[in-house]
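A.B. asks: Quick one: the structure is below, and I'll ask about it shortly.
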């Protein structure tokens, strides 16, 4: 029974048996609403609602006699008392409702559809637009960390291209993951480049150290993509992003940069997901609409989010980024910007020889600011 039903209108029962049945239904609804189908979790208190709902004189009037009219009155009064108790409970502690709604959506979201959505809105991108390349260690990383890239596409009309560094380590799933990746990028509006059929293999530090020939071949693939597209911005994982393929992708891109001529310059934007950066210098606000579209595109990676529904935790992760970024980017003890969702990055300039500072301190990019200004 919801609070909208708390002033329940009760028709006069036709008989004493009907009155008792109706009373039992009301009591069942009340207890289900207040206590969750009559079951109490350990530590939950019944102190507030129980005395009002279980009013002994009212329950005695229903179950031990009285005419149908008085029984109907007693039923209505119990419903009214239940509504007051519920309102009091929510008013006293709004955080119960706050947490309950989080839990409800997390549970219900597991039954929501995956993939199959229409394309998200995207602008007309000029042929000579600046290029941003996302070097994704796995299919799905492109949208998980892609908040800044999406804003460059939508607000600055840049040409954003995802480079699928690997297609996962499970060879049985590689073809399927490529198809899912194509559908994801088509949904969100990113271009897509395949490194080699099936994706690069053994992208990790162990290969870099123990199999230099294999590593050099992979570096050349990445270097050729960089030389072809001449990106103004590249996004790739930072060097402590925990997952071996994420860390490997960082070193692969860095080695590719070092292999290019000294006149090749770009802006490097390091990303995080598995391992938090100790020193991000950029917090990018992500609008509700953009985050919803990123999650929508992420659901096209059906095989992955069926195994682990991490698409449902993206909002919580981005909220925690605001907590961290408020001080890591803004400075310890500083004022936290009024962002709900954000992604953290480390932005540096590649001058043809090494990475250097792009600016002093940290920057927060609100939704009102065009992200192209970061790269002017």
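The values are calculated or read from the model by the stated rules, or taken from the named source; none is laboratory data. Just so you know, these numbers come straight off a predicted model, no measurement behind them. In this analysis, Cβ positions are derived from the backbone assuming ideal geometry, glycine residues included, and neighbour counts consider all displayed protein chains.
A.B. asks: Can you name the number of the only condition in (1) closer than 27 Å to residue 349 by Cα; (2) surrounded by 15 or more Cβ atoms within 10 Å (Cβ to Cβ); (3) out of contact with any helix residue (DSSP H, G or I) (no Cβ under 7 Å at 6 or more places or on another chain) that residue 162 fails?
C.D. replies: If we test residue 162 against (1) closer than 27 Å to residue 349 by Cα; (2) surrounded by 15 or more Cβ atoms within 10 Å (Cβ to Cβ); (3) out of contact with any helix residue (DSSP H, G or I) (no Cβ under 7 Å at 6 or more places or on another chain), just (3) comes out false.
A.B. asks: Now, a different point. Of these, 193, 203, which one is assigned to a strand (DSSP E or B) and under 24 Å from residue 224 (Cβ atoms)?
C.D. replies: Values: 203 fails: assigned to a strand (DSSP E or B).
When all the criteria are applied, what remains is 193.
A.B. asks: Which ones in segment 329-376 are under 22 Å from residue 315 (Cβ atoms) and in a helix (DSSP H, G or I)?
C.D. replies: Within segment 329-376, 371 is the sole residue that qualifies.
A.B. asks: Here's a follow-up. Quick check on residue 140: is it surrounded by fewer than 18 Cβ atoms within 10 Å (Cβ to Cβ), in contact (Cβ under 8 Å) with a residue 24 or more places away in the chain and either touching a strand residue (DSSP E or B) at 6+ places or on another chain (Cβ under 9 Å) or under 24 Å from residue 305 (Cβ atoms) (or both)? Outline the logic, then answer.
C.D. replies: Values: surrounded by fewer than 18 Cβ atoms within 10 Å (Cβ to Cβ): no; in contact (Cβ under 8 Å) with a residue 24 or more places away in the chain: yes; either touching a strand residue (DSSP E or B) at 6+ places or on another chain (Cβ under 9 Å) or under 24 Å from residue 305 (Cβ atoms) (or both): yes.
When the stated conditions are applied, residue 140 does not pass them.
A.B. asks: Among the residues of segment 123-132, are any closer than 23 Å to residue 242 by Cβ, surrounded by 12 or more Cβ atoms within 10 Å (Cβ to Cβ) and in contact with a helix residue (DSSP H, G or I) (Cβ under 6 Å, 6 or more places away or on another chain)?
C.D. replies: Looking through segment 123-132, none of the residues is closer than 23 Å to residue 242 by Cβ, surrounded by 12 or more Cβ atoms within 10 Å (Cβ to Cβ) and in contact with a helix residue (DSSP H, G or I) (Cβ under 6 Å, 6 or more places away or on another chain).
A.B. asks: Sticking with this one: Specify which of the listed residues (252, 294) is part of a helix (DSSP H, G or I), closer than 14 Å to residue 343 by Cα, in the same structural domain as residue 156 (by TED's automatic domain parsing) and touching a residue at least 24 places away in the same chain (Cβ under 8 Å).
C.D. replies: Details: 252 fails: closer than 14 Å to residue 343 by Cα.
After applying the criteria, what remains is 294.
A.B. asks: Of everything in segment 277-291 that's surrounded by fewer than 18 Cβ atoms within 10 Å (Cβ to Cβ) and in contact (Cβ under 8 Å) with a residue 60 or more places away in the chain, which residue is nearest to residue 137 (Cα to Cα)? Give the steps one after another, and end with the answer.
C.D. replies: First, the residues of segment 277-291 that are surrounded by fewer than 18 Cβ atoms within 10 Å (Cβ to Cβ): 278-279, 287-289.
With the extra rule that they be in contact (Cβ under 8 Å) with a residue 60 or more places away in the chain, the set shrinks to 279, 287.
Numbers: 279: 21, 287: 25 Å.
Among them, the one singled out is 279.
A.B. asks: Condition (residue is in contact with a helix residue (DSSP H, G or I) (Cβ under 6 Å, 6 or more places away or on another chain), surrounded by 18 or more Cβ atoms within 10 Å (Cβ to Cβ) and in a helix (DSSP H, G or I)) applied to segment 85-101: is it met by at least one residue?
C.D. replies: Yes, segment 85-101 has at least one match.
A.B. asks: Can I ask one more? Which members of segment 326-354 meet the condition of being surrounded by 20 or more Cβ atoms within 10 Å (Cβ to Cβ), farther than 17 Å from residue 375 by Cβ and in contact with a helix residue (DSSP H, G or I) (Cβ under 8 Å, 6 or more places away or on another chain)?
C.D. replies: 339, 341, 342, 344
A.B. asks: Only one residue in 106, 183 is outside the structural domain of residue 313 (by TED's automatic domain parsing), part of a helix (DSSP H, G or I) and under 24 Å from residue 343 (Cα atoms). Which one? Can you show your working first?
C.D. replies: Numbers: 183 fails: outside the structural domain of residue 313 (by TED's automatic domain parsing).
None of the others qualify; the one that does is 106.
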